[in-house]
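The values are calculated or read from the model by the stated rules, or taken from the named source; none is laboratory data. Worth saying up front: this structure is predicted, and the values here are computed from it rather than measured. Using ideal geometry, Cβ is built from the backbone for each residue, glycine included, and neighbour counts are taken over all protein chains shown.
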Amino acid sequence: MHDERPERSTPSRKAEHLRINIERDVDGKGVSAGFEAYAFAHRALPEIDLAGVDTSTCFFGRRLAAPLLISCMTGGAPEATRINRRLARVAAHHGLAMGLGSGRALLESPQTLESFDVRADAPEILLFANLGAVQLNKGYGVLECRRLVEMLKADALALHLNPLQEALQPEGDTCFRGLLARIAELCAAADFPIVVKEVGWGIGPDDVRALFEAGVAAVDVAGAGGTSWSEVERHRIAEPWRARVAGAFAAWGIPTAQAIVDARSVAPEGTLIASGGIRTGLDAAKALALGADLVGIAGPFLRAADESLEKALELACEYIETLRIAMFCAGASTLRDLRGRLD
């Protein structure tokens, strides 16, 4: 069948994605992040003081007050400006890291810079620029990636892998052949850290191993159990049969907890980020205990920031305080102590 639907521009597609993520139920269906299978052994005598619990960490040489990343979400549309500025203020206030949405829109349409540029609001935060890895097969190289990082005054570049999303989009880019070699070339040439992340279907152990061998600085396993971009695309698709194709993948992916365990098993010294279905500070604590170095949260922060800056600040407080109390009751005064404390 031939799809006669006109291709949308990147900025208009980003605006549509943003609206759907805020207004619709786009969680995966029939799949969970898997954290319910794990529990901390409660310590009635933790033998530490709550005041002495230290949630801080060092990531890419930068000190964070808590191991939390407000994950890559949006940019490229006017509606994103307000949300990104609020999220940046949250990251600055609480000492967290932040990722921006895909910068392809910015490289194609430099006039969208305002929707991405958050440095004035958060001059000191650890900031990740973001680009679809498939663009490396579409003519983008180290020069374009460096330009994106420099335009945003970012500290690192996250390349996102989203083959399922691209396959479901009528306008999607599905040229993934040879992409690992392109990633390796970029890692060898770039003078900034390269992170590779999924967008919510997970990265399996073989791919994790291959990515670290290619030279990436960190991998975000971004597993299933949170926002499903097949569900997001389902809400965009006008043709009923195409929408049903997207709906068939609502339970697709590697649950986040499993992805962390598998990734850590093949990359014991690798730097790992865990995202996908991290709905509470307790989920974050479990992800860290399973082997993550940093935990990414997207959807909850997006919806809170859309409501108000105050709601987003409160949400960060909630995550951090829940993590701190979980560490205390597990008898872990540091994040290093928390590793492996799950039953």
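Among the candidates Trp241, Trp229, single out the residue that is modelled with pLDDT under 95 and either closer than 22 Å to Lys29 by Cα or crowded, with 23+ Cβ neighbours inside 10 Å (or both).
Result: Trp229 is the single residue among Trp241, Trp229 that is modelled with pLDDT under 95 and either closer than 22 Å to Lys29 by Cα or crowded, with 23+ Cβ neighbours inside 10 Å (or both).
Would you call Leu45 more than 16 Å from the chain's Cα centre (by Cα), in a loop (DSSP other than H, G, I, E, B) and not aromatic (Phe, Trp, Tyr)? Spell out how you get there, then give the answer.
On the way: more than 16 Å from the chain's Cα centre (by Cα): yes; in a loop (DSSP other than H, G, I, E, B): yes; not aromatic (Phe, Trp, Tyr): yes.
The answer is yes for Leu45.
Residues are listed down the side, and each one gets a yes or a no for (1) modelled with pLDDT under 95; (2) more than 15 Å from Ala129 (Cα to Cα); (3) buried (at least 18 other Cβ atoms within 10 Å of the Cβ); (4) among the hydrophobic types (A, V, I, L, M, F, W, C):
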position	(1), (2), (3), (4)
Leu159	no, no, yes, yes
Leu164	no, yes, yes, yes
Ala167	no, yes, no, yes
Glu171	yes, yes, no, no
Phe176	no, yes, no, yes
Ile194	no, no, yes, yes
Lys197	no, no, yes, no
Leu211	no, yes, yes, yes
Gly223	no, yes, yes, no
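A quick yes/no check of all residues on (1) buried (at least 24 other Cβ atoms within 10 Å of the Cβ); (2) among the basic types (Lys, Arg); (3) touching a helix residue (DSSP H, G or I) at 6+ places or on another chain (Cβ under 7 Å):
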| position | (1), (2), (3) |
| --- | --- |
| Gly103 | yes, no, yes |
| Ser109 | no, no, yes |
| Leu113 | no, no, yes |
| Ala120 | no, no, no |
| Met151 | no, no, yes |
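May I ask you to verify whether Val266 is over 18 Å from Asp343 (Cα atoms), buried (at least 23 other Cβ atoms within 10 Å of the Cβ) and modelled with pLDDT of 95 or more? Lay out the reasoning, then the answer.
Values: over 18 Å from Asp343 (Cα atoms): yes; buried (at least 23 other Cβ atoms within 10 Å of the Cβ): no; modelled with pLDDT of 95 or more: yes.
Spelling it out, it is not the case that Val266 is over 18 Å from Asp343 (Cα atoms), buried (at least 23 other Cβ atoms within 10 Å of the Cβ) and modelled with pLDDT of 95 or more.
Name, by its number, the condition in (1) without any contact (Cβ under 8 Å) to a residue 12 or more places away in the chain; (2) at positive phi; (3) among the aliphatic types (A, V, I, L, M) that does not hold for Ala222.
It is condition (1) that Ala222 fails.
So for segment 59-67 (the condition being among the basic types (Lys, Arg) and buried (at least 16 other Cβ atoms within 10 Å of the Cβ)), does at least one residue qualify?
no
Which is touching a strand residue (DSSP E or B) at 6+ places or on another chain (Cβ under 8 Å), touching a residue at least 60 places away in the same chain (Cβ under 8 Å), farther than 20 Å from Leu69 by Cβ and not hydrophobic (A, V, I, L, M, F, W, C), of Glu239, Glu231?
Going through Glu239, Glu231 in turn, just one is touching a strand residue (DSSP E or B) at 6+ places or on another chain (Cβ under 8 Å), touching a residue at least 60 places away in the same chain (Cβ under 8 Å), farther than 20 Å from Leu69 by Cβ and not hydrophobic (A, V, I, L, M, F, W, C): Glu231.
Does any residue of segment 122-134 turn out to be over 20 Å from the mean Cα position of the chain (by Cα), part of a loop (DSSP other than H, G, I, E, B) and at pLDDT below 95?
Checked against the condition, which is being over 20 Å from the mean Cα position of the chain (by Cα), part of a loop (DSSP other than H, G, I, E, B) and at pLDDT below 95, segment 122-134 yields no hits at all.
Does segment 21-47 hold any residues that are more than 25 Å from Leu127 (Cα to Cα), surrounded by fewer than 18 Cβ atoms within 10 Å (Cβ to Cβ) and among the hydrophobic types (A, V, I, L, M, F, W, C), and which are they?
Scanning segment 21-47 gives Ala37, Ala39, Ala41, Ala44, Leu45.
In the set Ala66, Ala51, Ala33, Ala15, which member is assigned to a helix (DSSP H, G or I), modelled with pLDDT of 95 or more and either touching a Pro at 6+ places or on another chain (Cβ under 9 Å) or not polar (S, T, N, Q) (or both)?
On inspection, the qualifying residue turns out to be Ala51.
Out of (1) in a helix (DSSP H, G or I); (2) under 18 Å from the mean Cα position of the chain (by Cα), the odd one out for Glu150 is which?
Among (1) in a helix (DSSP H, G or I); (2) under 18 Å from the mean Cα position of the chain (by Cα), the lone unmet condition for Glu150 is (2).
If you check Thr74, Thr57, which single one turns out to be in contact with a Pro (Cβ under 6 Å, 6 or more places away or on another chain), polar (S, T, N, Q) and touching a residue at least 60 places away in the same chain (Cβ under 8 Å)? Break it down stepwise before answering.
Values: Thr74 fails: in contact with a Pro (Cβ under 6 Å, 6 or more places away or on another chain).
After applying the criteria, what remains is Thr57.
Which numbered condition in (1) small (Gly, Ala, Ser); (2) touching a strand residue (DSSP E or B) at 6+ places or on another chain (Cβ under 6 Å); (3) in a helix (DSSP H, G or I) is the only one that Ala188 fails?
(2)
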